Amino acid sequence: MMFEKNVTKVVQDCILDSGIQAKVVAQKINKPYSTLMREINPFDASAKLGAETLLEIMKVTRDVRPLQFMASEMGFSLETGTA
């Protein structure tokens, strides 16, 4: 069975592809490393990633793929803007 992408997996990819160590991301968003790793694990159903944490991760990694994924799931697309 092929693994279907979900927002948690996209967030995990966002951190892994950022070039910033996950421990540094955790520190920058004021979250314990072990908690962050559970929250971004798509196979850990008992840990949930909150919207505020998601926003902080996107700011730190400068990666909006999670937002693009969610927009796409809702039938929308994002335009690149200036932030």
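For segment 15-83, the solvent-accessible area works out to 73 Å² per residue, with a probe of 1.4 Å and every protein chain left in place. Across the accessible surface of the chain, with the other protein chains kept in place and a 1.4 Å probe, carbon and sulfur atoms take up 54 percent.
Working note: Cα atoms of the chain, range along each principal axis, descending, whole Å: 38, 33, 21. Protection proxy ranking for 42-52, 16-26, 71-81, using the average of other Cβ atoms within 10 Å per residue and placing the highest first: 16-26, 42-52, 71-81.
Coordinate range of the alpha-carbon atoms in segment 33-79 per principal axis, descending: 34, 22, 14 Å. Which residue fluctuates the most in the chain, going by a Gaussian network model with Cα springs under 10 Å, if the choices are Ile57, Ile15, Ile29? Per the Cα network of the chain with a 10 Å cutoff, Ile29 tops the list.
The values are calculated or read from the model by the stated rules, or taken from the named source; none is laboratory data. Fair warning: this is a prediction, and the values are worked out from it, not measured in the lab. Backbone-built Cβ (ideal geometry, glycine too); neighbour counts: all protein chains shown. Side chains are part of the model used for accessible areas, which takes the heavy atoms of the whole protein and leaves out ligands, DNA and RNA. Shrake-Rupley method; radii C 1.70, N 1.55, O 1.52, S 1.80 Å.
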